[in-house]
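Each remark here refers to the structure printed beneath this line.
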Amino acid sequence: MSELKKIRELKNLTQEELAEKSGLSVRTIQRIEAGVQPKGYTLKSLALSLDIPETDLRIPEIQIRKEAEVEEPPGTPEKEKPVNFTLVKLINLSSIPFAWFPVANVLPPLLIMLFTKEKSRIVKQIISLQIFLAIIFPVIFMIAALFKPGHSVVLAVMVLLVLMNMYIILRNAYEIDRKKKLFYRLNFSIL
């Protein structure tokens, strides 16, 4: 509570009465009570109309320092809510049914994230990894197919890519259980 509001209430004055008595606007009184430090003419008018010394209206320097320490600097990320690791593991494992089709394996975790509103950093990292793999694996497959090594080699590359994706998903699920973090993750986030 501001010093002005405390003093005004002790003197049984409304904001309107104080504004009329001091010659200031009600809006000025409201701003000062909201935390704006009164200065100059405003400070003198309030002190005179309330019959108190000007120093009584100033916020103590100790309080200003405490408020400055509590305030977070601009751009500081909001504190994240606690992560539901069971749901995170489910989101991670939801990619397995579509591991054979890289573009679709992003959809189940993305939809679960949106419907459950679990938008923690680890979930975004899981989806970013699947998006990255959905881009890289088809490129690797196309490169393998361009060399025309034969149907069996192209099929082997395709199976190997699917197995790699499944291994990444399962290994991350294991690490989520054990250490509450991902084993395979990107150094950047696509989401």
Just to be sure I understand, how many residues within the stretch 147-191 are outside any helix (DSSP H, G or I) and more than 23 Å from F85 (Cβ to Cβ)? 4
Of L57, L24, which residue is modelled with pLDDT under 80, more than 30 Å from K180 (Cβ to Cβ) and among the hydrophobic types (A, V, I, L, M, F, W, C)? L57
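Within the stretch 108-116, identify whether any single residue is within 22 Å of the chain's Cα centre (by Cα), surrounded by fewer than 15 Cβ atoms within 10 Å (Cβ to Cβ), of a type outside the set (S, T, Y) and closer than 14 Å to L191 by Cβ, and answer yes or no.
Here is the first cut: in the stretch 108-116, the ones within 22 Å of the chain's Cα centre (by Cα) are 109-116.
In the following step, the residues that additionally are surrounded by fewer than 15 Cβ atoms within 10 Å (Cβ to Cβ) were identified as 111, 114-116.
Then keep just the ones that are of a type outside the set (S, T, Y); that gives 111, 114-115.
From what is left, the residues that are closer than 14 Å to L191 by Cβ are 111, 114.
Looking through the stretch 108-116, at least one residue is within 22 Å of the chain's Cα centre (by Cα), surrounded by fewer than 15 Cβ atoms within 10 Å (Cβ to Cβ), of a type outside the set (S, T, Y) and closer than 14 Å to L191 by Cβ.
Let's see how each residue does on (1) under 30 Å from K117 (Cβ atoms); (2) modelled with pLDDT of 85 or more; (3) assigned to a helix (DSSP H, G or I):
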| position | (1), (2), (3) |
| --- | --- |
| N12 | no, yes, no |
| L18 | no, yes, yes |
| Q30 | no, yes, yes |
| P38 | no, no, no |
| K44 | no, yes, yes |
| E69 | no, no, yes |
| E72 | yes, no, no |
| E78 | yes, no, no |
| K89 | yes, yes, yes |
If I filter the stretch 1-40 down to residues being closer than 19 Å to R58 by Cβ and among the basic types (K, R), which single residue comes out as surrounded by the most Cβ atoms within 10 Å (Cβ to Cβ)? R8
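The values are calculated or read from the model by the stated rules, or taken from the named source; none is laboratory data. Computed from a predicted structure; not experimentally measured. Please note: Cβ atoms are built from the backbone with ideal geometry, for glycine as well, and neighbour counts cover all protein chains shown.
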